[in-house]
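The structure under discussion appears below in the form of structure tokens.
The values are calculated or read from the model by the stated rules, or taken from the named source; none is laboratory data. These numbers were taken from a predicted model, which means no experiment stands behind them. All Cβ positions, glycine included, derive from the backbone under ideal geometry; neighbour counts span all protein chains shown. Only protein heavy atoms, including side chains, enter the accessible area calculation; ligands, DNA and RNA are left aside. Shrake-Rupley method; radii C 1.70, N 1.55, O 1.52, S 1.80 Å.
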Amino acid sequence: MTSFDSYAEEWTQIQASVVSKLENDVKQQAGEQRKATLRRITMELEEADEILDQMELDAKGKARNMIVVRGYEGEVKKLRERVLKESMTSDRDALLAMPSHTAYSMDVDESDVLSAGAGQRTRLLAATSTLKTSDARLDRSARLAAESEAIGGEVLQSLRGQGAQLANARDTLDEADGSIARASGTLKKMVRQMYKTRITIICFIVILIALIGLILWNKFR
């Protein structure tokens with residue numbers, strides 16, 4: 001298993017934990033217990049962001065892995081939006097659960113209402129900042145993926161060019177082999193012709209010597 005696969009497995013476990021909490025715990029809880037669960041989910045999503053940062057570093061130059069990282073970051077963004085929605089619902093429920101101020105209830109303090117509104121605004125700003133960070137990370141991943149795809153295209157084009165060069169070299173070698181075969185046939189013909197010429201010369205010399213011997217024999221007989 002590669003380091004990228006290991007990070008992906010960790011991210012999957014965190015994603016499953018977050019989804020389980022949102023689908024089960026958050027829907028069954030209320031009040032502070034629900035807020036605590038949402039805080040734990042937020043911490044898990046921050047851990048998921050750290051894992052995605054490591055995956056992004058590991059995936060540089062690998063278009064397929066960058067596509068996977070981009071998909072995971074999209075999932076994290078969706079989960080953050082769900083957490084933000086649940087947080088807003090919790091704050092709204094908390095405000096609605098307070099006694100009406102128009103009933104002049106002695107248990108209601110205007111400062112508590114303002115404090116709750118300020119807390120809600122703070123959480124909304126924090127959630128918005130987190131979503132912007134996620135968007136920026138997605139944009140960065142998209143750029144890296146595009147760069148990786150461009151590099152992959154250049155490498156593929158280079159490989160195609162090298163393949164064409166190899167094909168041309170193979171054709172040249174085939175032509176050279178044909179030329180060598182023809183040259184070899186020509187050399188063999190020349191060698192055979194040389195042997196024939198040598199045999200002819202030897203026969204001529206033998207005949208000439210025989211004639212000379214015959215002439216000398218007739219002369220001194």
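Here are a few things to note about the model shown:
- Neighbours by Cβ (under 8 Å, 6+ apart or cross-chain): first from the range 1-30, open to solvent by less than 70 Å² (accessible area, probe 1.4 Å); second in a loop (DSSP other than H, G, I, E, B) and aliphatic (A, V, I, L, M): Phe4/Ala59
- Hits in the range 52-72 (condition: surrounded by fewer than 20 Cβ atoms within 10 Å (Cβ to Cβ) and among the β-branched types (Val, Ile, Thr)): Ile67, Val68
- Residue within the range 73-94 that is under 25 Å from Glu9 (Cα atoms), open to solvent by less than 40 Å² (accessible area, probe 1.4 Å), under 19 Å from the mean Cα position of the chain (by Cα) and modelled with pLDDT of 85 or more present: yes
- Of the residues in the range 17-28, at least one is within 21 Å of Arg137 (Cα to Cα) and not hydroxyl-bearing (Ser, Thr, Tyr).
- Options Ser148, Ser111: the member that is part of a helix (DSSP H, G or I), loosely packed, with under 10 Cβ neighbours inside 10 Å and either of a type outside the set (Val, Ile, Thr) or at pLDDT 70 or above (or both): Ser111
- Evaluating Glu154 against the criteria (1) at pLDDT 70 or above; (2) open to solvent by less than 60 Å² (accessible area, probe 1.4 Å) leaves one unmet condition, (2).
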